[in-house]
Structure formats: C-alpha cells, structure tokens
Amino acid sequence: MIPKAELHVHLEGAAPPGLIRRIARRNGLDVPPGLIGADDRYAWRDFLHFLELYDAAVGVLRTGDDYRDLAYEYLLGCAAEGAIYVELTASPDHAAGAGLSDAEHVEALARGIDDARRDSGIEARVIMTCVRQYGVERAEEVARRTVAVPHPYVTGFGIAGDEASFPPAPFARAFAIAHDGGLGCTAHAGEWGGPDSIRGALALPGVTRLGHGVRAIEDPALVAELAERGTVLEVCPTSNVVLGVFGSYAEHPLRALREAGVRVTLGSDDPPYWATTIGGEYAVARDELGLTEADLLEVTRTALEAAFCSDGVRADLLGRLAPWTGHHPAH
C-alpha cells in the first residue's frame, strides 16, 4: 500500500454507528431516535439534516475516554490502510456541550494520538474548528480558547458548518486570533458556496488551505489564482458526489484542478456518513478519477508539505515517503 495522508476529516463525524452505540451504552444513554437506520447506517436525508444528525450523534460523547477512543480507533483504521499522517478536525463547541473543559478535551485527543502512534506508527495532529451557524462571537471565543490552552498537537484552526448561509468575511477576527497565536489556518469554502465563498476564505488571515474548494472550477481565473498562490485544496470526492455537489465522479473536477496546477489532497470528510475511508478515497482517485500511483504519491507529498506540523515531524514523514518516490527530504 502506498503511504497516505489525510488533512480533512471531522473527528466527531468519524464515529461509526457501532462506536456510538458502544459509547452510549457505557454512558447509560439511549441512542437518539432516528439517528441510525435499519441498515445500520446514519439515516441522513440531506446536508442540513446531516448537520442535525451529526449533533445528535456527538451528543452521546460525554467523557475524555469517549474522545480518546474515537481518535484512537479512527487513526488505527487509517493506519491499516497505509496512512502515515492524519489531521483530525475537532470541535471545542461540541466537547464543551458534553461538559468537558478545553484542557480535558485536548488531553483526551492527545491520548488517542499517542496510543495510536504506539500501536501503529501513525502520526496525527488536531485542527480546532468553529461552526459557522453558531455565530461570529462563538467563533472568536473558540479561537481565543484554542490559543489560550496551547498543546503541541493542536496545530490548526478552521471553520465548518453551513457555508451557504454564513459567508467567510465576518469571521476574519477569529482567524486573526488563531493566526496570531501561531496556528495554521484552513477554511471550508467552495463546497456549498461558489467562487465567491472561496475568494472570501482566501481573504481570511492566515488561510493556506481550503476545505473542499472544488467549485473553483466554475471560475478559470480563480483556478489560476489558486495555482499561483499554492493554496492547497482538501478534496473529498465521495462526499461531494454523495451530497450532490457534483452529479458523478465523472463530473468531479479534482483531476482538472490538479492538471491546472492546483495543489490537491484527499480526505474522507465524515467517513461513516458517506461510507468513505481515506484508503477508499485514494482508490476512488485511481479508479474513478484516473490518477496514477505516481500522482497519488504526489498527493500524499502535497499533504505532508501542507500539514500543520513541525518541520521535524514533516521531515520524518517525508522520509517515510522517500522509498516510494525517490525524493529525499533535506535536513
């Protein structure tokens, strides 16, 4: 298996139904009605309903051990598919709703990362995200809290949620706080919003990556700008097709963006909701989108170069990629 890396997965959205059931039982809770269908899959109908179910599923997570188990089990699954690095997008708002302090939340994620590294060799870091529909003040509070409780594994800041209804510009202050605090910055854009949402995200302080960004394809000048800037797109092909952003893999623009010089990576987004894995997304890129093994290795290399991690960790990861690519990182 070729080495893989993932920059776009929502940790809370990575909890499979079986784990949610197990955690609910441990916490003496009922699984929320309507969450899981008879086919043992999440019973979402559309994107906004998915956001509701997402919150309902996360509602059974109540303890540090719950978050540790979620991070650990997700990372082990990635490692089994050849992943050497993953960035977990985590939501301080959801953890606070469970009654966890920021320090307890981060410590739990760190335990999951450490245990997964011990058992599989995979490396991981955390991106703390604010949620658009919770409002600008909450976003700024999340940024302040993240900077106020520094941890070597918490290396990024982002924004997710209802992109179509909440454009990026009002969140500039939140990104300034995070960027000034030394965090890497990424923003969801160009999924439910078009090129304007991407331009708005690019104007946010510190943003070097975009979650999705695929609707840039609608504006050739914007595609050229992304290529010139070196902005990295965290592309989630199956999520885009399942949710109807594009009608089929044949219509998906990942290959066209890449051929235009835009730097792209692969992500699973919310894996059990879309029946994805990081290994599965690499397979989709190969089988449905026409990327070669050399192309996929370049996708991994792009992810490692764009990762929100220290230069030392990056050099180690690129060293693990080197036997496949012939590129040896400079030290």
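Observations, loosely collected:
- For L183, distant residues with modelled amide H under 5 Å away: none
- Projected over all directions and averaged, the alpha-carbon convex hull of region 198-312 occupies 7.5 nm².
- For the pair region 296-323 and region 173-215, the centres of their Cα atoms are 22 angstrom apart.
- Ranked packing of 106-114, 5-13, most packed first, by mean Cβ within 10 Å: 5-13, 106-114
- For the chain, the alpha carbon convex hull comes to 124 Å³ per residue, rounded to a whole number.
- The relative contact order of region 141-295 comes to 16 percent, based on Cα pairs under 8 Å that sit 6 or more residues apart.
- Each residue of region 284-295 was assigned a 3J(HN,Hα) from its phi angle through the Karplus curve 6.51 cos²θ - 1.76 cosθ + 1.60 (θ = phi - 60°); the sequence is 4, 4, 6, 7, 9, 10, x, 7, 7, 4, 4, 4 Hz, with glycine and proline shown as x.
- Positive-end residue, region 20-69 charge dipole about Cα centroid, Cβ charges, pick of P33, A57, Y67: Y67
- Backbone phi angles across region 227-244, fed through the Karplus curve with coefficients 6.51, -1.76 and 1.60 (θ = phi - 60°), yield HN-Hα couplings of 5, 5, 5, x, 4, 9, 9, 8, 9, 10, x, 5, 3, 4, 6, 4, 7, x Hz in residue order; Gly and Pro are listed as x.
- What the chain shows is 38 Å² of accessible area per residue, with the surface traced by a 1.4 Å probe over protein heavy atoms.
- Carbon/sulfur fraction of accessible area - the chain, other protein chains in place, 1.4 Å, %: 52 percent
- Spin-label model distance (nm) - R22 vs E259, 7 Å beyond Cα toward Cβ: 4.4 nm
- Alpha carbon convex hull of region 32-132, projected area averaged over orientations, nm²: 7.1 nm²
- Among D102, D269, D39: highest mean-square fluctuation, GNM of the chain, C-alpha pairs under 10 Å: D39
- CD proxy at 222 nm, helix term only [per DSSP H run n ≥ 4: -39500 (n - 2.57); per residue of the chain; nearest 500]: -14500 deg cm²/dmol
- P(r) for region 51-92, from all Cα pairs and a bin width of 5 Å, is 5, 18, 25, 24, 17, 10, 1 %, short bins first.
- The mean sequence distance of close C-alpha pairs (under 8 Å, at least 6 residues apart), as a share of the length of the chain, puts its relative contact order at 18 percent.
- Calculated FRET efficiency for the pair D65/A283, C-beta based, R₀ 30 Å, to 0.05: 0.35
- Protein-only accessible surface at a 1.4 angstrom probe places the residues E73, E281 in the order E73, E281, largest first.
- Close amide H pairs (under 5 Å, H built 1.01 Å from N) link E87 with E6, L7, H8, R125, residues at least 5 positions away or on another chain.
- Computed from phi, the 3J(HN,Hα) profile of region 12-28 under the Karplus parametrisation 6.51, -1.76, 1.60 (θ = phi - 60°) reads 5, x, 9, 7, x, x, x, 5, 4, 4, 5, 5, 4, 4, 4, 8, x Hz, with x in place of Gly and Pro.
- Highest mobility in the GNM of the chain, judged by mean-square fluctuation with C-alpha springs under 10 Å and restricted to A303, A98, A189, is found for A98.
- Separation in nanometres of the label points that stand 7 Å from Cα toward Cβ, at A221 and S248: 3.3 nm
- Close amide H partners of A43, meaning residues 5 or more places away or on another chain with modelled amide H under 5 Å apart, are I36, G37.
- Mean separation of Cα contacts under 8 Å, 6 or more apart, over the residue count of region 30-99: relative contact order %: 31 percent
- Cβ charges +1 (Lys, Arg) and -1 (Asp, Glu), total dipole of the chain, debye: 400 debye
- Note on surface exposure: M1, M128 rank M1, M128 by accessible area, highest first, 1.4 Å probe.
The values are calculated or read from the model by the stated rules, or taken from the named source; none is laboratory data. What you see is a predicted model; the values in this text were computed from it and never measured. Heads up, the Cβs are rebuilt from the backbone with ideal geometry, glycines too, and the neighbour counts pull from every protein chain shown. Protein only, heavy atoms only, side chains kept; ligands, DNA and RNA dropped before computing areas. Shrake-Rupley method; radii C 1.70, N 1.55, O 1.52, S 1.80 Å.
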